[in-house]
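**Student:** First the structure, which I've put down as structure tokens, then a few questions once you've had a look.
Derivation of every value follows stated rules applied to the coordinates shown; laboratory data play no part. In this text the structure is predicted, and so the values were computed from the model without any measurement. Glycine also receives a Cβ, built like all others from the backbone with ideal geometry; neighbour counts cover every protein chain displayed.
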Amino acid sequence: MGDLEQGGFHGCDVLVERVHDCRLDDLRALFHAGDWWEGEWDDSILCGIVNKSYAFVVAIGPDGRWIGMGRIISDGVSDAYLQDIVVLPEWREKGIGTRIVEKLLSICRDAGIGWIGIIAAPETLYFYRRFGFAKMNG
């Protein structure tokens, strides 16, 4: 299971954990929040994103709704990419994105994956620098 942290979020509990189930409504809301969504995606594609990722991590709000997510694309041996990291707008600036990235990095480290990259919009580099990421040239 994930880490349960009490308080700090206006008295709410937020759980960050790896999941294998596909909650379509929550997943759609998160993809919309990330502005990655154009039109409708087939349910099987959305569930494939969860089930075929090396790891899929969500932040679960006090009402049980997914309020943030991130995933790892990897061979599980040498290289991994963090991708699709997003938090719903009303939950941003509360440390949830940081906890999601920390959980993803922990999964990679525990698996012995030595090289970790990130797929992210250039304007978000400021956020990822604190974890040691830098823009790749070339």
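**Student:** Show that you can apply the helix-only estimate: for the chain, add -39,500 (n - 2.57) for every DSSP H stretch of four or more residues, divide by all residues, and state [θ] at 222 nm to the nearest 500. Before the final figure, lay out each step's value.
**Tutor:** Working: 4 runs with 39 residues, N = 138.
Estimated from H runs of four or more residues: -8000 deg cm²/dmol.
**Student:** Give, in nm to one decimal, the length gained when the segment between Glu90 and Thr124 is fully stretched (0.36 nm per residue of separation minus the Cα-Cα distance). All intermediate terms of the calculation are to be shown ahead of the outcome.
**Tutor:** On the way: separation 34, 0.36 × 34 = 12.24 nm, distance 1.78 nm.
Length gained, Glu90 through Thr124: 10.5 nm.
**Student:** I would also like to ask the following. Would you look at the GNM of the chain, springs on alpha carbons closer than 10 Å, and say which of Ala55, Ala33, Ala111 moves the most?
**Tutor:** Between Ala55, Ala33, Ala111, it is Ala111 that shows the largest mean-square fluctuation.
**Student:** Based on other C-beta atoms within 10 Å, arrange Arg23, Arg28, Arg130 from fewest to most.
**Tutor:** Values: Arg23 18, Arg28 15, Arg130 9.
With the fewest neighbours first, Arg23, Arg28, Arg130 line up as Arg130, Arg28, Arg23.
**Student:** Using the Karplus curve 6.51 cos²θ - 1.76 cosθ + 1.60 with θ = phi - 60°, what ³J(HN,Hα) values do you get for each residue of the stretch 77-84, in whole Hz, with x for Gly and Pro?
**Tutor:** Karplus-based 3J(HN,Hα) across the stretch 77-84 equals 10, 10, 10, 8, 10, 8, 8, 6 Hz.
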